[in-house]
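Just so it is clear, none of the values below were taken in a lab; they were calculated from the coordinates. Note that this is a predicted model, so its numbers are computed, not measured. Every residue, glycine as well, gets a Cβ built from its backbone with ideal geometry; the counts of neighbours run over all protein chains shown.
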Amino acid sequence: MLFRHVSIYVISLLLSLSSWAYPSIQDENGTFTLPSEPKRIVVLELSFVDALVAVGLSPIGIADDNDPNNLLPEVKAKLKPWTSLGMRSQPSMERIAELQPDLIIADFQRHAAAYDNLSRIAPTLLLKSRGESYLDSLASAEKIGIIVNKNAEMQARLSEHKAIMASYRKVFEKMTSVGSVQFAIVSARGMWLHGPDSYAGGVLNALGLASSIPDDGNMPYLANSLELLLKVNPDWLLIGSYGNHTVLDDWRTNPLFQLLTAEKKNQLIKVSPELWSLNRGILAAEGIAKDLNRVLSP
């Protein structure tokens with residue numbers, strides 16, 4: 001009798017296992033699934049690192065542009081040692097292969113052309129990262145949570161994230177005289193305003209802060225000139241600078257620069273380009289909200 005009960009239990013267990021399938025998701029290349037839960041993950045964009053650490057995972061390889069300081073301190077604090085895979089734009093196939101990953105998470109815009117080569121190494125998940133919106137970043141994080149078998153943990157973290165952002169929004173709603181807030185990247189080559197469809201623009205919108213650029217569904221990044229900047233003329237101009245000398249330094253010598261509202265009100269503020277633009281993701285958005293609270297508080 002005992003043997004019969006054990007046999008029935010074993011058969012039932014085998015049937016349940018045979019009917020179970022690893023979850024599938026829709027990535028930028030179609031339907032994606034895995035044979036089993038991944039243990040050795042490499043990522044080719046920084047936003048994917050943010051998503052993994054949000055559910056307690058640490059990739060073994062990261063395309064970090066050969067500089068670990070490109071990652072946010074809050075993200076690095078949650079990481080185990082990793083192998084640098086070189087530039088995000090052209091990660092090292094040799095290093096990826098040497099790590100013997102069982103999952104590669106790649107950026108659709110940057111890495112679609114290399115998809116076949118990456119897939120020969122390991123199953124490759126193609127998601128949006130470069131040029132993504134804030135909502136795109138949350139959607140990608142949700143998909144990553146499913147495919148790494150951490151859906152419950154990711155859903156809990158996303159709920160926590162939304163609560164954190166909502167609490168900051170309430171703080172900013174009480175700042176009735178803030179006006180418009182605009183983020184831009186600036187270098188020696190030029191200035192690019194990040195519009196409402198950009199990642200930073202989406203974070204500002206989620207926090208209830210008005211943009212100085214109309215949301216017309218155009219390109220998320222707008223190449224800028226001093227004349228255009230005067231036309232946009234935000235109340236607050238938050239600058240992420242790359243390099244010791246930028247076009248902003250040149251524009252400051254032009255008398256027209258003094259007509260900018262942000263300049264007149266001493267509201268042209270330098271911020272971290274790594275936080276505001278380079279990383280993106282859950283922790284990055286919360287970091288931006290915290291940074292804004294510091295900048296905008298009276």
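Pairs of lysines in segment 130-278 whose Cα atoms sit within less than 27 Å of one another amount to 13, provided the residues are eight or more positions apart or on different chains.
Other residues with beta-carbon under 13 Å from the beta-carbon of L207 carry, at +1 per Lys or Arg and -1 per Asp or Glu, a net charge of +2. Shape class of segment 16-141 from the alpha-carbon gyration tensor: rounded, with the ratio a/c of largest to smallest axis under 1.5. In order along segment 163-179, the Karplus-derived 3J(HN,Hα) couplings, from 6.51 cos²θ - 1.76 cosθ + 1.60 at θ = phi - 60°, round to 5, 4, 5, 5, 5, 5, 4, 4, 4, 5, 5, 7, 8, 6, 10, 5, x Hz, and Gly and Pro are given as x. Just the number, please: percent antiparallel of the DSSP beta bridges in the chain, rounded to the nearest 5. Restricted to the chain, the bridges split so that about 35 percent are antiparallel.
Computed over the chain with a Gaussian network model linking Cα atoms closer than 10 Å, the most mobile of S180, S198, S167 is S167.
The C-alpha radius of gyration of segment 168-296, expressed as a fraction of 2.2 N^0.38 Å, stands at 0.99.
How far is helix 134-147 tilted, in degrees, relative to the longest principal axis of the Cα atoms in the chain, given as a value from 0 to 90 rounded to the nearest 10? So the inclination is approximately 10 degrees. Normalised by 2.2 N^0.38 Å, where N is the number of residues, the C-alpha radius of gyration of the chain stands at 1.18. Against the compact-protein benchmark of 2.2 N^0.38 Å, the Cα-based radius of gyration of segment 170-229 scales to 1.18.
Of all DSSP bridge pairs formed entirely within segment 142-297, close to 40 percent run antiparallel.
Taking a straight line from the alpha carbon of K290, these aspartates and glutamates sit under 16 Å away, with near neighbours fewer than eight places off in the same chain left out: E74, E160, E173, E274. The spread of Cα positions in segment 78-175, taken along each principal axis and listed from longest to shortest, comes to 53, 27, 23 Å. Local charge for I105 was computed over the other residues whose Cβ lies under 10 Å away, with Lys and Arg +1 and Asp and Glu -1, and equals -2. Proximity of backbone amide H atoms, modeled 1.01 Å from N, is registered between Y221 and G195 at under 5 Å, excluding neighbours fewer than 5 places apart on the same chain.
The angle separating the long axis of helix 282-296 from the principal Cα axis of greatest extent in the chain is about 20 degrees. With a ≥ b ≥ c the root eigenvalues of the C-alpha gyration tensor of segment 125-195, is it rounded (a/c under 1.5), prolate (a/b larger than b/c) or oblate? Oblate shape, in that a/c is at least 1.5 and b/c is the bigger or equal ratio. Taking the DSSP bridge list for segment 19-152 and keeping only pairs wholly inside it, about 25 percent are antiparallel.
Here the mean projected area of the convex hull built on the C-alpha positions of segment 21-85 is 5.0 nm². Across every direction, the projection of the convex hull enclosing the Cα atoms of segment 243-296 has a mean area of 4.5 nm². Within 11 Å, Cβ to Cβ, of S47, how many net charges do the neighbouring residues add up to if Lys/Arg are +1 and Asp/Glu are -1? Once all neighbours under 11 Å are counted, the net charge is -1.
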